[in-house]
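The block underneath contains the structure these notes are about, expressed in structure tokens.
Coordinate-derived values only; no laboratory data. It should be emphasised that the depicted structure is a prediction, and the values quoted were computed from it without experimental measurement. Heads up, the Cβs are rebuilt from the backbone with ideal geometry, glycines too, and the neighbour counts pull from every protein chain shown.
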């Protein structure tokens, strides 16, 4: 029997960890309530031969009251007073009066140490390259930063907490690009193509809310079916795949279609050579093509169930589909999405003395008569202006894609508002355009794309040189000078011009160089030896 706590108490348990959250009107009230609850827990544990570790058990008082009252609290476990602390670490999250500053600082410091250790193997001219560091960031560092974010995301409204995380990303981006440390975090994110960490954390929270169906989600979500609603293993039907499609008395063809105008399902049932039933269904425009294929199978199985048979013989119905993904999903015992489970339930009801259901994969647009009919029906349903939809559960993958698009738009807004990184904006005015490019960041590319490098103008700016005049004596050695004017780079520039489709179109913009003529332009950049200029 489960222990029933009072309404003022909430218990959270995971494996061998137990946390009690007890609320009260005063410190003394919380103290009394907590001791009462722990007395019952201790008694129950004793009866079940369970022991609690007093040394690892702690108590934290969370109060925002400003009135003066004793903050010491005496909570007993097995007649011993628990240690009162200012922070508690539970399941990897540090709780400090629900401000979570300690947790954010701890995670940031942990990631910073990891990055500094990586720095030993990621020097300027040797060691780990851009791709390896990017993989390490995505697989080892990024999972740590937003861990538990749904609990503490409100703490990110404070600038000092934001800066802790931004600095971590800035550090790894500096290592990836081998860039100068004067570069801004926003310029580095654009150069590496890595989403700013605050936006990425917000996306992680929204994804969690979608999985748990929290928040104002207007559409129904095609989430994984709960364990209690899975088809019982004893009722699971083995998915039989037919070897050929000839001489089948009952043939069922299904298909789905997704286009700009909508999503539709189509099915046709043949009894002998005659068409017995045609099915045409419209789905929500955000549904996937796989869902339309699976819905068509479900509706076809419903129709088969209603077919009257006059004899007691077992009848075989063969379902023809061009969706290999659907067949693989049916075979996969770990796949428990809504539509796949619905197909399994239909099959378990049909399979028996009267029906045997077989599946057969057929190649789409192979000239099979029944398949061509279902393809037409599905497209008609997709193009239909009828507002009535037969299915509106949106797949999580679609909602995640929409979140990623929102993140890009938010990133673009912040990038547009950024008053720094003027040169980088000339190359990458839009985030979407940058993300469509495959650019391996190098010290030369970082220098040319940001203006932070061994140019004499940059060194003069930080008072490392007395003047910014280029070695060629034609003006200050800026990025524009090296790109368009420097006599010392005339040969390399000539090669670049030859590779441009319209040679007369010179000088061209930095955006065009990096988008339309990226390969020859990067060759030009890498040919620059800043130590000799």
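Counting neighbouring Cβ atoms within 10 Å and putting the fewest first, the residues 315, 130, 365 line up as 365, 315, 130. With each label modelled as a point 7 angstrom along the Cα→C-beta vector, the residue 236-residue 74 pair spans 5.8 nm. In this entry, segment 227-391 is assigned a mean projected area of 10.0 nm², taken as a quarter of its C-alpha convex hull surface. When all alpha carbon pairs of the chain are counted in 10 Å bins from zero, the resulting P(r) reads 3, 13, 16, 15, 17, 17, 12, 6, 1, 0, 0 %. Size estimate for segment 9-85 follows the Kirkwood approach: the inverse of mean 1/r over distinct Cα pairs works out to 13.4 Å.
Restricting to the chain, compute how many DSSP beta bridges are antiparallel as a %, nearest 5. Expressed as a percentage, antiparallel bridges in the chain total about 60. Based on DSSP H segments of at least four residues, each scored -39500 (n - 2.57), the chain has a per-residue ellipticity at 222 nm of -13000 deg cm²/dmol. Taking other C-beta atoms within 10 angstrom as a stand-in for reagent exposure, 285, 401 fall in the order 401, 285, fewest first.
Relative contact order for segment 9-85: 28 percent, from Cα pairs under 8 Å spaced at least 6 residues apart, divided by residue count.
Wrap a convex hull around the Cα atoms of segment 101-211, take a quarter of its surface area, and give that in square nanometres.
Reported value for the Cα convex hull: 6.9 nm².
Mean sequence separation of contacting Cα pairs (under 8 Å, at least six apart), scaled by the length of the chain, corresponds to a relative contact order of 12 percent.
Computed on segment 227-391, with alpha-carbon pairs under 8 angstrom and 6+ residues apart, the relative contact order is 35 percent.
Here the spin labels are modelled as points 7 Å beyond Cα on the Cα-Cβ line, and at residue 341 and residue 366 they lie 3.3 nm apart.
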